[in-house]
Amino acid sequence: MLDVAGTTRDTISVPVRTSRVSMLLGREFSSEEIRDLLTPIGFGVEPTDDGDAQLVTIPSFRPDTETETDVAEEIARHYGYGRLGTTVPRSPDAGRLSPEQKLRRVIRQIMTGAGLIEAMPNPFLAPGDINRAGLVVEEPVRLLNPLAVEESVLRPSLLPGLLAAVSYNYSHRNTGVELFETGAVFEVSDDSSALPVESEHLGALISDADAFAATSLLKALGSALKLKFDLTNTDGLPGLHPTRGARINLGDTEVGSVGEIDPAVLRNYEIEDRCAWLSIRLDLVIEAAISAQGTPYQPVSTFPSSDVDLAFVVAEEVQASAIETTLRDAAGEELQSLRLFDVFRSEQLDEGARSLAFSLRLQANDKTMTDEEVGAVRQRCIEAVESTHQATLRA
């Protein structure tokens, strides 16, 4: 039977890119090859202003061909499937860590390298846990439908959870616990209709240790992240010892606190040993660390270094960080490292005084420093500290 009542299908013109055909078939085709392969089987091929594309007119007797991919299939069929080589498909690009993720890993490595174990306490607290930890929060973030009263408040600090974890270990005779945690803390937004303000913190609680352990941990973080943390002694920080706490600043921005836990708070948790505490705003610190990654590289000196130890007797109210700043300014470019390694109190010293001992490493980039040059830097440091802080060099 022959149907003579049908209508002829209109021709369709499709732009076909040479690069697309080559990618689909796994072989480099030229525009001339594509034209020579399509013309004998009834396809019209005309050049376009775009050098990579040609306008291909599909004949009316090929209703199965409508798109650029269909035309590529016709090119492959006419060229010969057996003549097309085997091409291994490209795998997608491998994922990679973002700068923030890399820095979080670095921070965790520093914590674990210092002997701390990562803890994951419950972020929900009982209302009394906030006061029990010595914190002052006017209005904590409360859950609308808590499963239990003991889990009805979102934590305003990492301190209550870590204290509870240390207390649990002490109740099982596991003393000397060193824990850290990274997680979110919450506070009520100024806008009552808005969601709570959430920020990411790092907290470290070291039992059977003094504030020096926490400040040493902070210095390790600063060294790894290329950041300079400044400490400001402040009395009465919530949860911390009345005279053994300090605020942590990055420039003009406060980013945390460091010191010892208040003995009254430790009694609330039945912890008999002293505990060091470090807390920083992890989101702010990571943001600053990413900016500091552009610091130019400085070559390591190939010349030997000289170590100088200086111990000063100063009044209790004189901050160790203030003396460090004075020593850095006085030592100049030859100073490679500076650390406080001893705090000494004794009846042999005047009342209200203490001894702070610092270790300085001096090293020049272009030569070996002579004894006279090292002695000159040492004398500059002594005179600067004595005149600025009314200190006395301890023999």
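When region 98-295 is described by a simple charge dipole with +1 on each Lys and Arg Cβ and -1 on each Asp and Glu Cβ, the residue from G113, L103, T182 located farthest towards its positive end is G113. Comparing V197, V153, L217 along the charge dipole axis of the chain, the residue lying farthest to the positive side is L217, per the Cβ-charge model. In percent, rounded to a whole number, the relative contact order of region 12-83 is 39, using alpha-carbon pairs under 8 Å and six or more apart.
Measuring gaps between exposed loop sites in the chain (GluC sites (Glu not before Pro); DSSP loop; at most 14 other Cβ atoms within 10 Å), the longest gap, sites not included, is 139-269. Does region 243-388 come out rounded, prolate or oblate by the C-alpha gyration tensor, with a ≥ b ≥ c the root eigenvalues, rounded set by a/c under 1.5 and, if not, prolate when a/b is larger than b/c and oblate if not? It is oblate, given that a/c is not under 1.5 and a/b is not larger than b/c.
Going by a ≥ b ≥ c, the root eigenvalues of the Cα gyration tensor, does region 98-205 fall in the rounded group (a/c under 1.5), the prolate group (a/b larger than b/c) or the oblate group? Judged from the Cα gyration tensor, region 98-205 comes out oblate (a/c at least 1.5, b/c at or above a/b). Of the residues D64, D342, the one with the fewest other Cβ atoms within 10 Å heads the list, and the complete ranking is D64, D342. Note on T370 and A148: the extension gain reaches 72.9 nm, defined as 0.36 nm multiplied by sequence separation minus the Cα-Cα distance. Helices in the chain, meaning DSSP H runs of at least 4 residues, each add -39500 (n - 2.57). Divided by all residues, the mean residue ellipticity at 222 nm is -9500 deg cm²/dmol. Taking every full run of DSSP H in the chain, none both stretches at least 30 Å from end to end by Cα along its long axis and averages 0.5 or higher on the Kyte-Doolittle scale. Rounded, prolate or oblate: which fits region 79-148, taking a ≥ b ≥ c as square roots of the Cα gyration tensor eigenvalues, rounded meaning a/c under 1.5, else prolate when a/b beats b/c? The shape class here is prolate. With each label modelled as a point 7 angstrom along the Cα→C-beta vector, the A184-S22 pair spans 5.0 nm. In the chain the longest region clear of chymotrypsin sites (Phe, Trp or Tyr not before Pro) that are loop-assigned by DSSP and have at most 15 other C-beta atoms within 10 Å covers 62-296. Between the labelled values (1) 25.3; (2) 27.5; (3) 21.8, the entry that holds Kirkwood radius over Cα pairs in Å as derived from this structure is (2).
Every read-out reported here was derived from the displayed coordinates using simple, explicitly stated rules and does not represent laboratory data. As the structure is a prediction and not an experimental result, all values here were calculated from the model. We place every Cβ from the backbone using ideal geometry, glycine too, and count neighbours over all the protein chains shown.
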